[in-house]
Amino acid sequence: MEFPLKFLLPALLLALLCPSLHAASRIADSTDAQTFAVDMEKRHGFSRTELLERFAQISPDPRVLRLIAPPSKPGQRSWARYQPRFLNEQRIAQGVEFWQNHAAHLARARALYGVPEEIIVAIIGVETVYGRNTGGFRVLDALATLAFSYPPRAEFFRTELEQFFLLARENGLDPAEIRGSYAGAIGIPQFMPGSQRRYAIDFDGDQRIDLSNSDDDAIGSVAHFLLQHGWQSGQPIAVPARLAGPPANEWLEAGIQPRLLAGDLLAAGVLADTPPTARVTLVDLITPGQATEYWLGFDNFYVITRYNRSSFYAMSVFQLAEAIRQRMPGSER
């Protein structure tokens, strides 16, 4: 399968710019960083001088640039390679343990936000193996590198860097001490700074939001995030589908948001357990050299992709959640 040119351009652009990126010894030398500091002073009252002093201590991190860049030789998507990374005995067994240890708060999150316990647990399991792997990068360094040394997504990461400084100030934290992923995601549920400010909640009642150390805050925040993105309590997520032949192009081109009328697919020979009036998306789980696995995704499947915009990711969360629920003693849903 040929890889679309639009996905190669960011990698090619980065490769062309890399010599100049690595030549810059400090983030503070960037004109964009200086403009950012001025803007933060005008709009949020930060000290331009203090921000530039922080940036003077940071050099673009080549590890971050290497990890964020698309592969130079992209391969085909493979569900058979992707799925076992998340649907495995470790994540299932530890997911059951996490649920048992936090049953009361998970039940309260379901009651308040309508999100089943197993979905909350599975997202935390996929993201950080239940808080065991939250990332060892200094978030300030990672975000500054991406904001000022990664042109393909600089605008997004400058916004997240702005949100990060606001988050640290609001919580009385030293930005240099916060650690997370190479992309700037923080804590047990791996929220980006902007998401943490918008959706994170104090769920353990200690009057502070702490996604790095409070499992209960992470539980409530994941559930709140999903609700705010449209989670529908009691509604299905996805069902397996069988196709009589190759899918119609318009089915695949409809996108991840459910826009297809299930009745039209059923009339065309698709076999699936769904009301004909439902709006669905056709999820194609491709593995090179093997038959494609098909599912119909509903609105709640789409909501999971708001956490990570990948159908592989959403299906991994869903299948891990089902495996944990089936293993969990006393779970009848």
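Among A278, A154, A321, the largest mean-square fluctuation in a Gaussian network model of the chain, built with springs joining Cα atoms closer than 10 Å, belongs to A278.
In the chain, the longest principal axis of the Cα atoms and the axis of helix 311-327 are about 60 degrees apart. Between D273 and R327, the modelled labels are 2.3 nm apart [label points 7 Å from Cα along Cα→Cβ]. All C-alpha to C-alpha distances of the range 81-205, sorted into 5 Å bins beginning at zero, yield P(r) values of 2, 10, 17, 19, 17, 15, 12, 6, 1, 0 percent in whole numbers. Shape descriptor for the chain: Rg over Rh equals 1.00 (Cα atoms; Rh from the Kirkwood inverse mean 1/r). Helix 5-23 axis versus longest C-alpha principal axis of the chain: approximately 20°, rounded to the nearest ten.
Compared with the dominant principal axis of the Cα atoms in the chain, helix 154-170 is inclined by about 80°. Take the Cα of Q207, step 7 Å toward its Cβ, do the same at A111, and the gap between the two points is 2.5 nm.
Among D284, D273, a tally of other beta-carbon atoms within 10 Å of each Cβ gives an order, fewest to most, of D273, D284.
Take V96, V121, V38, V126 and order them by how many other Cβ atoms sit within 10 Å, fewest up front.
V38, V96, V126, V121
From a point 7 Å beyond the Cα of Q228 in the direction of its Cβ, which residues of the range 306-326 have a backbone N at a distance under 20 Å? Hits in the range 306-326 for Q228 at 20 Å: 306-310. In the chain, Cα pairs under 8 Å separated by at least six residues give a relative contact order of 17 percent. If R0 equals 22 Å, the separation of the Cβ atoms of S25 and E170 corresponds to a calculated FRET efficiency of about 0.10.
Working note: Cα atoms of the range 211-330, range along each principal axis, descending, whole Å: 49, 30, 29. When the helices of the chain are scored as -39500 (n - 2.57) per DSSP H run of n ≥ 4 and the total is divided over every residue, the value at 222 nm lands at -15500 deg cm²/dmol. What FRET efficiency, computed as 1/(1 + (r/R0)^6) with R0 = 22 Å and r the Cβ-Cβ distance, is obtained for E155 and A248, rounded to the nearest 0.05? E between E155 and A248, to the nearest 0.05, is 0.05. Neighbour counts of C-beta atoms inside 10 Å place I186, I201 in the sequence I201, I186, starting with the fewest.
Every read-out reported here was derived from the displayed coordinates using simple, explicitly stated rules and does not represent laboratory data. Predicted model, so just to flag it, every value in this text is computed and none were measured. When we count neighbours, we look across all protein chains shown, and the Cβ atoms used for this are built from the backbone with ideal geometry, even at glycine.
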